[in-house]
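Peer 1: Below are the structure tokens for one structure; questions will follow.
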Amino acid sequence: MQIGFIGLGNMGGPMAANLAAAGHHVSGFDTAAEAPDGVTSTTSAAEAVAGADVVITMLPNGAILRAVADQILPAMRAGAILVDCSTVEVEAARQVAGQAAVAGLGWLDAPVSGGVGGAAAGTLTFMVGGDDAAFETVTPLFDIMGQKAVLCGPAGNGQAAKICNNMILGVTMIATCEAFAMADKLGLARQAMFDVVSTSSGYSWTMNAYCPAPGIGPSSPADTGYRPGFAAELMLKDLGLAQAAAQGADADTPMGAAALELYRRFVEEEDGLGQDFSAMLPRFEGRGRST
Ligand code: NAD
């Protein structure tokens, strides 16, 4: 396929490289990052998408997606499909999907989980919103960039799935960290805590697969000084998107709101910026109830 790829950063760069390595013709554009090996560099977003069957965007946020969409929708060939893999507001995805439809183009929102490691290894999971026909056309590309793609319903539903998942993840990480810190104060060894909880009803992905306590459970960012992994500021971004969606849909999400406030303080007022999101554990460790 002829593919246009806009946004060649930490995630988009390796994703585009994997598509090129699999034999597709990839034209890339980024305002700052260099095109990776195998990807043809272009001087504008419009140039990158001209003649493409599929255009993939991997951008920082919804405002930038909207701005890029205004540049590329008029430049895409009729019948081409725009696939946005960025994490953005459900509302932004649905709005750009509407613009694409008016322009006679297909649309999929396809945010990912799996992080930079998954992007490089081609093992991402795609959560997809859009119609069956577009999903079928793009599936061979998802298969190159990832290990799984789930069609979650119409436009915007991929973003909805992503922020629901990450709201659970943020809340669960905080619960796991505060419980470890409380166990410390109760004199309960962390290994004993892990051995019990990971096989009891408190088990979770954050405890069993990504344990925030160094030296406990499978290898995780806690074992390398909380180098991300999944950075606390990216969790903060996703919790903000979750609250925006909750407000728009009149959903009552008190735990999501509390998680947002804790990660906001951690990133903006404490030392969370640049640390893995599991570094909430050392944050809780030194605290008492009044700090
Ligand atoms: P990044 O900042 O490394 O990459 C974004 C790229 O977009 C940058 O290279 C930037 O120069 C480029 N860009 C910005 N404005 C542009 C424009 N107008 N035209 C063209 N290029 C432009 O970010 P990333 O880590 O690759 O994340 C991309 C998206 O993936 C985000 O929405 C993020 O939330 C999501 N995501 C990231 C991770 C992760 O672990 N990094 C995991 C899952 C999802």
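Peer 1: How many Å³ per residue does the convex hull of the Cα positions in the range 124-231 occupy?
Peer 2: 119 Å³
Peer 1: So if I take the centroid of the Cα atoms in the range 1-54 and the same for the range 242-272, what is the distance between those two points in Å?
Peer 2: Value for the Cα centre distance between the two parts: 34 Å.
Peer 1: Name the residues whose placed amide hydrogens come within less than 5 Å of the amide hydrogen of residue 28, ignoring near sequence neighbours (fewer than 5 apart) on the same chain.
Peer 2: 5, 40, 41, 42
Peer 1: Kirkwood hydrodynamic radius, the range 192-290, all distinct C-alpha pairs: what's the number in Å?
Peer 2: Hydrodynamic radius (Kirkwood, Cα pairs) of the range 192-290 is 14.6 Å.
Peer 1: Top mean-square fluctuation among 148, 237, 185, Gaussian network model of the chain, C-alpha springs under 10 Å?
Peer 2: 185
Peer 1: Can you compute log10 of I(q)/I(0) for the range 27-175 with the Debye formula, treating each Cα as one identical point scatterer, at q = 0.11, 0.12, 0.19 Å⁻¹?
Peer 2: -0.39, -0.47, -1.21
Peer 1: Next question. Which of the aspartates and glutamates could be linked to residue 185 by a straight reach, that is with a Cα gap under 14 Å, when you skip same-chain ones fewer than 8 residues away?
Peer 2: Within the straight-line cut-off, residue 185 pairs with 285.
Peer 1: If you roll a 1.4 Å probe over the heavy atoms of the protein chains, what accessible area per residue do you get for the range 148-205, in Å²?
Peer 2: 51 Å²
Peer 1: Next question, about the same structure. So, taking all protein chains as they sit and a 1.4 Å probe, how much accessible area belongs to residue 227, in Å² rounded to tens?
Peer 2: 150 Å²
Peer 1: Once the whole set of protein chains is in place, how much accessible area is left on residue 136, using a 1.4 Å probe, in Å² to the nearest 10?
Peer 2: 140 Å²
Peer 1: Hey, got a sec? Which GluC sites (Glu not before Pro) in the range 238-291 land in a DSSP loop and have at most 11 other Cβ atoms within 10 Å?
Peer 2: Counting only loop positions with at most 11 other Cβ atoms within 10 Å, the GluC sites (Glu not before Pro) in the range 238-291 are 269.
Peer 1: Pick from 32, 80, 101: which is most flexible by mean-square fluctuation in a GNM of the chain where alpha carbon atoms under 10 Å apart are linked?
Peer 2: Result for the chain, Cα springs under 10 Å: 32 fluctuates most.
Peer 1: Can you give me the Rg/Rh ratio for the chain, using Cα atoms for both radii and the Kirkwood formula for Rh?
Peer 2: Here Rg/Rh amounts to 1.02.
Peer 1: Excluding residues on the same chain fewer than 8 positions from residue 162, give the aspartates and glutamates whose Cα lies under 15 Å from its Cα.
Peer 2: Leaving aside aspartates and glutamates fewer than 8 places away in the same chain, those within reach of residue 162 are 84, 89, 91, 109, 238.
Peer 1: Considering the chain as a Gaussian network with a 10 Å cut-off on Cα pairs, which listed residue, 31, 40, 172, attains the greatest mean-square fluctuation?
Peer 2: Greatest mean-square fluctuation among the candidates belongs to 31.
Peer 1: Let me ask something additional. Among 120, 196, 51, whose Cα sits farthest toward the positive end of the charge dipole of the chain (+1 at Cβ of Lys/Arg, -1 at Cβ of Asp/Glu, about the Cα centre)?
Peer 2: 196
Peer 1: Let me ask something else about it. Relative contact order (percent) for the chain, with alpha-carbon contacts under 8 angstrom and 6 or more residues of separation?
Peer 2: Contact order relative to length: 13 percent.
Peer 1: I've got another one for you. What do you get for the angle between helix 157-186 and the principal long axis of the chain? Use alpha-carbon atoms, 0 to 90 degrees, nearest ten.
Peer 2: 20 degrees
Peer 1: Kindly express, to the nearest 10 degrees and within the range 0 to 90, the angle between helix 62-72's C-alpha long axis and the longest C-alpha principal axis of the chain.
Peer 2: 10 degrees
Peer 1: Take every DSSP beta bridge whose two residues both sit in the chain, then give the antiparallel share in percent to the nearest 5.
Peer 2: 15 percent
The values are calculated or read from the model by the stated rules, or taken from the named source; none is laboratory data. The shown structure was predicted, so the numbers you read here are calculated from the model rather than taken from an experiment. Positions of Cβ are generated from backbone atoms using ideal geometry, with glycine treated the same way; all protein chains shown enter the neighbour counts. Just so you know, the surface numbers come from the protein's heavy atoms only, side chains and all, with ligands and any DNA or RNA stripped out. Shrake-Rupley method; radii C 1.70, N 1.55, O 1.52, S 1.80 Å.
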